[in-house]
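Trainee: Got a structure here, written out as structure tokens. Questions coming.
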Amino acid sequence: MANCDLCGTEAQLVSAVVEGTMLNVCKECSRFGNVVKVSPARHLTKEKTKKIIEEPEEVEVITKDYSSRIKNTREKLGIKQEDLARKINEKESLIHKIESGRIKPNMAVAKKLESALKIRLVETYIENAERKVNMRDENLTIGDLINVKQRKR
């Protein structure tokens with residue numbers, strides 16, 4: 001047996017429309033709405049699915065070897081960590097942690113470092129995702145359908 005969507009008791013359930021929403025409720029709670037007879041779902045031999053090709057999404061990512069690029073370039077230019085920090089208006093300790101690889105710079109700091117050292121730290125990655133949506137899926141949400149509708153346009 002299942003639990004009632006309204007009161008939570010474990011009982012034989014019926015489907016009812018309560019305040020505009022279809023719920024599975026016990027016989028006691030069915031008085032708050034209109035009981036609806038739901039016919040069992042037909043089993044189709046072939047599931048109806050829609051193939052959704054999402055538009056390619058550009059994602060900016062920081063390179064994996066950011067620490068060595070920053071340190072090597074700074075040393076080649078003969079700049080101290082203190083001077084570089086002052087140039088990009090950040091703390092020297094931040095530069096040290098970034099160069100040692102203990103922390104990854106956020107996008108704003110990475111772009112400042114790119115500008116100051118004239119190197120590439122941010123790469124554009126194009127993500128092309130393709131997925132299928134089963135239109136008969138019980139777990140399909142309204143949000144999924146809205147996304148499908150928006151992608152069609």
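Trainee: Condition (residue is over 30 Å from E10 (Cβ atoms), modelled with pLDDT of 85 or more and in a loop (DSSP other than H, G, I, E, B)) applied to the stretch 49-63: is it met by at least one residue?
Mentor: Yes: one or more hits.
Trainee: Still on this structure: Can you find a residue that is surrounded by 10 or more Cβ atoms within 10 Å (Cβ to Cβ) and either outside any loop (DSSP other than H, G, I, E, B) or modelled with pLDDT of 60 or more (or both) anywhere in the stretch 40-48?
Mentor: For the stretch 40-48, residues surrounded by 10 or more Cβ atoms within 10 Å (Cβ to Cβ) and either outside any loop (DSSP other than H, G, I, E, B) or modelled with pLDDT of 60 or more (or both): absent.
The values are calculated or read from the model by the stated rules, or taken from the named source; none is laboratory data. What you are looking at is a predicted structure, and each value in this text was computed from that prediction instead of being measured. Glycine also receives a Cβ, built like all others from the backbone with ideal geometry; neighbour counts cover every protein chain displayed.
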